[in-house]
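Engineer: A single structure is presented below for examination.
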Amino acid sequence: MKKYEGLFILNTAGREEGVKEAIDKVSKEITTAGGKIDAVQKMDKRPFSRVADKKHSSGFYANIVFEAPPAAIAPLRAKLAMFEEVFRVSFTTASTVVAPAKVA
């Protein structure tokens, strides 16, 4: 199992009520793929710096830290691309922060 961080841009058509349901749906898909959720951080709605089309000028951001087998990431990305609520997704390996050793 490897630790990943998924940054999701959610398309809820400007409705903040749908954000929790979209995050729950994505989280369920991660656990179905064999992953274990460590943390979920719901962020605010942010405008895009580059607008590809006028229909999508902003989105709700969510960050999910989870552990999963490396082989599960590509199928998970493909499955999430089919979700209407997920506008964009980016997976990166999560770095672990280690406290510096004390120097005596």
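The numbers here are math on the coordinates, done by the rules we state, and not lab data. Source: prediction; values computed, not measured. Cβ coordinates were reconstructed from backbone atoms using ideal geometry, including for glycine residues, and neighbour counts include every protein chain displayed.
Engineer: For ILE37, what charge total do you get from the other residues with a beta carbon under 15 Å from its beta carbon, if Lys and Arg give +1 and Asp and Glu give -1? Write out the running numbers ahead of the final one.
Structural biologist: Numbers: positive: LYS2, LYS3, LYS20, LYS25, LYS28, LYS36, LYS42; negative: GLU5, ASP24, GLU29, ASP38, GLU67.
Charge balance in the 15 Å sphere: +2.
Engineer: Here's another thing I want to ask about it. Express in nm, to one decimal, how much length is gained between VAL40 and PHE83 on full extension, taking 0.36 nm for each residue of separation and deducting their alpha carbon distance.
Structural biologist: Full extension of this stretch gives 13.6 nm more.
Engineer: Report the local net charge at ALA94: Lys and Arg +1, Asp and Glu -1, summed over other residues whose C-beta lies under 12 Å from its C-beta. Walk me through the numbers on the way to the answer.
Structural biologist: On the way: positive: LYS2, LYS3; negative: GLU5, ASP38, GLU67.
With Lys, Arg at +1 and Asp, Glu at -1, the neighbours total -1.
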